[in-house]
Amino acid sequence: METRRMRLMLSLIWENRRQYGQAMIGTLFSVVIALATPLIMAETIDAVLDAKPLNAPRFVVRAFESIGGREYVVQNLWIVAALLVALSVVRSAFMYVRGRANAQAAEKASLDLRERLYGHLQRLSYNYHVKAETGDLIQRCTSDVETTNRFLASQLMEAFGSVLMIGIAITVLLAKDAGLTLISTGMIIPLFLFAYLFFKQVIKHFKISDEAEGKLSAVLQENLTGMRVVRAFGRQRHEAEKFDAISSDLRRKNGKVLWLLAVYWSTSDLLTMAQIGAGLLAGVVYASNGRITVGTLSVFLSYLGMVLWPVRQLGRILSDAGKSLISLERIDEILRQPPEREDADSVRPSLSGDIVFDDVSFAYEEKRPVLEHVSFTVRGGETVAILGATGGGKSTLVHLLQRLYEPTCGRISIGGHPLEKIEKHHLRSRVGLVLQEPFLYSKTIKDNVGIARKRRTEEEIFEAARVAQADGFIRESEKGYETLVGERGVTLSGGQKQRIAIARTLMKENDILVFDDSLSAVDTQTDAAIRAGLLKKRGNVTTFIISHRITTLAEADRILVLDQGRIAQQGTHAELIARPGLYQRIYQIQSAMDEEFGEDAGELA
Amino acid sequence: MQDWEEKDYSARFDASLWQRLLRYARPYHKHLWAIVALMALAALIDAVFPLMTREAIDKFIARGTTEGFVWFSIRYIFLVVVQTANIYGFIRLCGKVEVGLCYLIRKLAFERLQELSLSYYNRTPTGYIMSRMTSDVQRLADTIAWSLLDLCWGTFVTVFMGIAMFRVHWKLALAVMSALPPLAAVSWYFQKRILKSYREVRKTNSQITGAFNEGIMGAKTTKTLVREEANYEEFTVLTRKMRGSSVRAATLSAIYLPIVISLSMTATAYALWKGGYDVFTMAISLGTLQVFFSYTINFFEPIHQVARIFAQLQSAQAAAERVMTLLETEPEIKDTPEVVERYGDSFAPKGENWPPIHGDIDFDHVSFTYKEGEAVLEDFCLTVKAGQTIALVGETGSGKSTIVNLVCRFYEPDVGSVKIDGVDTRERSQLWLQANLGYVLQSPHLFSGTIAGNIRYGRLDATDEEVEAAARLAGADAFIGKLEKGFKTDVGEGGNRLSTGEKQLISFARAILADPRIFVLDEATSSVDTETEQKIQAAIREVLRGRTSFIVAHRLSTIRSADRILVIDGGKILEDGTHRQLLGKRGVYYNLYANQFREERERRVLAGEAE
């Protein structure tokens, strides 16, 4: 685990080594120049204003002498000033390189991570998505990626810069005066440890208050979506109390975090100020008895100001970096899931032949079979209706046709080709499956209907919508086919969604059509109209229809009755109503009312 | 369709908005003043520290003595201690203000949300309200607490350092201070742009979140449509946009910061040039020069902060506007002061004054429109006797649901009145009506928690036995019994661990437990399988007995058993009577069902032939 996520992090960095390299060079030079500035000022104070010997590399001394030495420079201090400004401009250029290259590297890494995640999620199996906790997945894809991005975009280079800054500064100071260095940097390690340990601790509290905030959102969300229920039962006060309890809890937890931060900032500021104070006081004593020069004192004071902040940051960054490794681990958990693959020897046959289920069994979990020894044959072009109780295995049965699941045992074949040899992509493009609770994309209705077909004309879209009995309500809405669906658009009723999903599936070129109870939310008349339209359009398409409606079932060439994972009965409508069993029972229940209606009407007629 | 694109900044500073907002913050006014005072002190100490350095250089180093050093050390330590206490104090105060304001505004807004009429919820997407209640409130409280702090600090530090510099060496101070205007201008220019580019990043980021949301929620559908690659291609457009805007934002910062640093370095260099010569000519002390160095290096920070805050205020103001709009939205349905006086409001009901309810319902010349110019009901009259079961039949959009909504007082008539027991519902409190009303929806909504907890929502003080009895009546006991934890089963967020049919049975039990006088069923039985529906039908018949009820349903059996069937079309009652009476009329109802009947007969003929 540890190594895997480390390797992932390193590979993200390594893949962008050129940009990171540039950023590191930029950082190095801007740090060096930043640290050189106080030295120049110190030498100006000592060697120019105070006539001490110039303490600098030989080429600097030579240059100093060549322009006229102290006498000249002190009359022309603008030279030093210009040097400082020039260095600052050079440093600016390096800072720019660092900022830009770093961003390019980090954003490229995040882009890769996002695309890998998205692509991988698309390629994961159907079953993975059935079981997945969507909220958690989205969390991983968004906030965990952001955490990783934060590390790559700022923390990494900041840590590098801080270490560089601290290392060079202390080396320079040691060369100047080891004793004073000890006094004025002695607090660095405690300060760093304090920052590091504190943030390690406080992460726990951050998490606690994040969770509390999540709860608040959940309660709020439920209240808003359930507003009718709240009102219908007059539970406003109950809700307000529930919210208040959660909100107070969040307040307390956030308060705790902020209190901890107050303790942290005041304590670390105390340590920092104490460190600067120690440096100043000791430096003053040393300078007054001539052990160091005023310039050296000013270098110490400047460096302390420059170094102590990065020390605190470093503690924080290192404890934060732990978070990004955890995030990366959570991301990696997704990437580790094996995606669906096509077999090398898969074939792409025509799918209009006979479909044979031969002793097919299926279980989602061991010992809890959903389908048991199911065998039947459907001739190409036939319409088969499936009836059965909820959870009886109907949906599973048709899902097998798209290879969304593979049977636990037994064989399925289409036109003599074993199903497991048929390429999934091919299979799914030729088998139109309409789910009971279809998902519509947040695009226009037109794009939603046309989504399964690249080359399409408007007329084809309208035609598909007409067959699915969706054209009418679409045109009635203000923007018609341009209406946006989803979060920021209109909310469609279950029946409307189903009809759009049917239209969308009709846009594909189907050899097999499967309606997984996908007319459950439309009324009987519309249901009948859709089926009539399909009948006209369909041609030689093998069709499976799952439904509870006898009217729908009765029209099929054959009806399969599934009961607890087995085929209890199969036959035509006429055969089945004559035989005692589930079908007859349902038939009686559903037709009882109509029978009565018939009697009433008969009486009155 | 309204455009719900979030506006994330506002163009002009709106003082009255902040004033109104600060009024909400009244309990924290003293905290805010204390913060201002502490910041003044903190800034003062920040400005004093360089002066201490000057004193040390001039007094001890220049003279080569340590006389008075102890006193100096004591003063220095004293300042450090005070500043530490100060820092602790203002962070603590700001924290209090932040979490307190969040809590306060959320509380007020939540209560307001409980009062807003359902028409508001029909207009406003949930996500929109959510973002106001969570991130907007948070940003607002943040801004009020921490921006004030930074603003005060920035201003005070600039002023104090300015004063100190002028007192030390006014000519040099003037020269150095002349760098301030360009610094402020550059800061303002860049901060605005940086903020704008980060807004762009955030916007793209939320699009990416949306895309992940869709990619994950829609993954099953995507598979059945073989859309994986196409979705991926669309997604890469977004990630590329994200990279572009992120790099742009970072680049802007990478230009801005060096400019500011160079400007402040220019000031330092100038101080060294002019001040250095003054030191040489003994016009000023070395310590004084050192003070200027400190100030020139440090004064860029406050300017940078103030510019940042002003830039941020623009987007904070947008958040403030959104939150204030929510707080100031008036509910369209409101009990009059007299009614509240008598019967209490939704949070403090006076149940003892509530009159008992009998259950007669009258629509007295009611007209109603959702949108201007689209009358749903016009001059609608209907008298329902207590205990009657009314079935409403008609197409979607015919006005069935509107009638039910008016009975529930989710909406109020524009003209005319809805009377219960002869009294206009507006003369009684909303809670009184709701307490007597049972309501079951087509798409049942459950709250996270246990099954028992959800049923108990109907009557909060119900015993376990009563809860179980209600579940039995609703026919929900069978499936609950099969669950491992029975009534203690957690239903998950929004009840999503249960099937739609199960959720419906529970929402039924919940309504039964409430034991209402008026019962409303809104297409509640249309999406369960036939056998479950039979169970519900039986329960319904049991429950409806003796209660005034309205049913909006498609199923024949439900409708047929009603006392009265109303065929509604275009907001008018086309037909009114019992099942038999309406069949006798041979009108719309007859035709509606003749279709179904014919289909049935054809099938029976088919079956007969087969026999």
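One table, with the values for the structure above:
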item: Coil-residue trypsin sites (Lys or Arg not before Pro) of the range A:283-359, DSSP, other Cβ within 10 Å capped at 10; result: A:Arg341
item: Convex hull volume per residue in cubic angstrom - Cα atoms of the range B:370-432; result: 106
item: Label point at A:Lys242 placed 7 Å out along Cα→Cβ; residues across the range B:439-466 whose backbone nitrogen lies under 14 Å; result: B:445-461
item: Amide proton proximity set for A:Ile386, modelled H, under 5 Å, gap of 5+; result: A:Ile545, A:Ile546, A:Ser547, A:Leu560
item: J(HN,Hα) series, the range B:562-567, from Karplus relation 6.51 cos²θ - 1.76 cosθ + 1.60, nearest Hz, glycine and proline x; result: 6, 5, 9, 10, 10, 8
item: Peptide-level mean, for B:238-249, of C-beta atoms on other protein chains within 10 Å; result: 5
item: Folded to 0 to 90 degrees: helix B:588-610 orientation relative to chain B principal axis, Cα; result: 70
item: Cα-derived Rg to Rh of the range B:300-418, Kirkwood definition; result: 1.25
item: Kirkwood Rh in Å, taken over the range B:171-239 so that all alpha-carbon pairs contribute; result: 15.7
item: Flagged links, alpha-carbon separation over 23 Å, of A:Lys215/B:Lys196; A:Lys253/A:Lys323; B:Lys30/B:Lys334; A:Lys479/B:Lys503; A:Lys215/B:Lys96; result: A:Lys215/B:Lys196; B:Lys30/B:Lys334; A:Lys479/B:Lys503
item: Kirkwood estimate for the range A:117-177, i.e. one over the average of 1/r between Cα atoms, Å; result: 15.1
item: Binned Cα-Cα distances of the range B:5-124, short to long, each 10 Å bin given as a whole percent; result: 10, 23, 24, 16, 12, 9, 4, 2, 0
item: Note, ³J(HN,Hα) from phi for the range B:16-21, Karplus 6.51, -1.76, 1.60, rounded to Hz, x at Gly and Pro; result: 5, 4, 5, 5, 4, 5
item: Environment charge at A:Tyr126 (Cβ cut-off 12 Å; Lys +1, Arg +1, Asp -1, Glu -1); result: +4
item: Value in Å of the Kirkwood radius, where the range B:365-503 supplies the Cα pairs that are averaged; result: 17.7
item: Around B:Ile309: net Lys/Arg minus Asp/Glu count, Cβ-Cβ under 15 Å; result: 0
item: Normalised per residue, the volume of the convex hull around the Cα set of the range A:23-67 (Å³); result: 75
item: Computed log₁₀ I(q)/I(0) - Debye formula, equal Cα scatterers, no solvent, the protein assembly as shown, q 0.04, 0.05, 0.07, 0.09 Å⁻¹; result: -0.32, -0.48, -0.83, -1.16
item: Cα centroid of the range A:11-42 to Cα centroid of the range B:215-253, whole Å; result: 33
item: Along principal axes, Cα extents of the range A:276-325, largest first, whole Å; result: 52, 16, 11
item: Using θ = phi - 60° and Karplus 6.51 cos²θ - 1.76 cosθ + 1.60, couplings along the range B:277-287 (whole Hz; Gly, Pro as x); result: 5, 4, 5, 4, 8, 6, 6, 10, 7, 4, x
item: Residues whose placed amide H lies under 5 Å from that of B:Asp569, excluding near-sequence neighbours; result: B:Leu574
item: With Cα atoms, 0 to 90° folded angle of helix A:17-43 axis to chain A main axis; result: 30
item: Per-pair calculated FRET efficiency, R0 = 56 Å: A:Glu482 and A:Tyr72 via Cβ, rounded to 0.05; result: 0.10
item: The range A:430-574: Cα Rg divided by the 2.2 N^0.38 Å rule of thumb; result: 1.07
item: Quotient of C-alpha Rg and 2.2 N^0.38 Å, computed over the range A:432-512; result: 0.98
item: The range A:261-378: relative contact order as a whole-number percent, Cα under 8 Å and 6+ apart; result: 13
item: Ratio Rg/Rh, restricted to chain B and using Cα atoms, in which Rh is the Kirkwood radius; result: 1.16
item: Segment A:Arg252-A:Gln584, length gained on full extension (0.36 nm per residue, minus Cα span); result: 113.3 nm
item: Overall Cα dimensions of the range A:66-196, principal axis frame, Å, largest first; result: 84, 34, 17
item: Neighbour cut-off at most 14 other Cβ (10 Å), DSSP loop, GluC sites (Glu not before Pro), the range A:280-362; result: A:Glu342
item: Translational diffusion of the range A:329-470, µm² s⁻¹ [Kirkwood Rh, Cα pairs; Stokes-Einstein; 25 °C; 0.890 mPa s]; result: 139
item: Three semi-axes of the equivalent ellipsoid, the range B:172-289, Cα gyration tensor, whole Å, largest first; result: 56, 11, 9
item: B:Asp360 long-range amide H proximity, modeled H, under 5 Å; result: B:Ala386, B:Asp421
item: Test item: B:266-277 mean partner chain Cβ contacts at 10 Å; result: 6
item: Convex hull volume per residue in cubic angstrom - Cα atoms of chain A; result: 252
item: Neighbourhood charge, 13 Å Cβ-Cβ cut-off, centred on B:Leu108 and excluding it, Lys, Arg +1 and Asp, Glu -1; result: +3
item: Estimated distance in nm for a label pair at A:Ala93 and B:Asp515, the labels positioned 7 Å out from Cα along Cα-to-Cβ; result: 8.7
item: Extension gain, B:Leu483 back to B:Gln581 (0.36 nm per residue minus Cα-Cα distance, nm); result: 30.7 nm
item: Estimated FRET transfer efficiency (A:Lys454, A:Glu406; beta-carbon r; R0 30 Å; 0.05); result: 0.55
item: Label-point separation, B:Thr155 to B:Ser135 (7 Å along Cα→Cβ), nm; result: 3.0
item: Distance (nanometres) between label positions extended 7 Å along Cα→Cβ at B:Arg497 and A:Glu65; result: 8.6
item: Acute angle (nearest 10 degrees) that the helix B:69-115 long axis makes with the longest principal axis of chain B, alpha-carbon atoms; result: 20
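Here, each number is a calculation from the coordinates, and none is a lab measurement. Because the structure is predicted, anything quoted here is derived from the model rather than measured. When we count neighbours, we look across all protein chains shown, and the Cβ atoms used for this are built from the backbone with ideal geometry, even at glycine.
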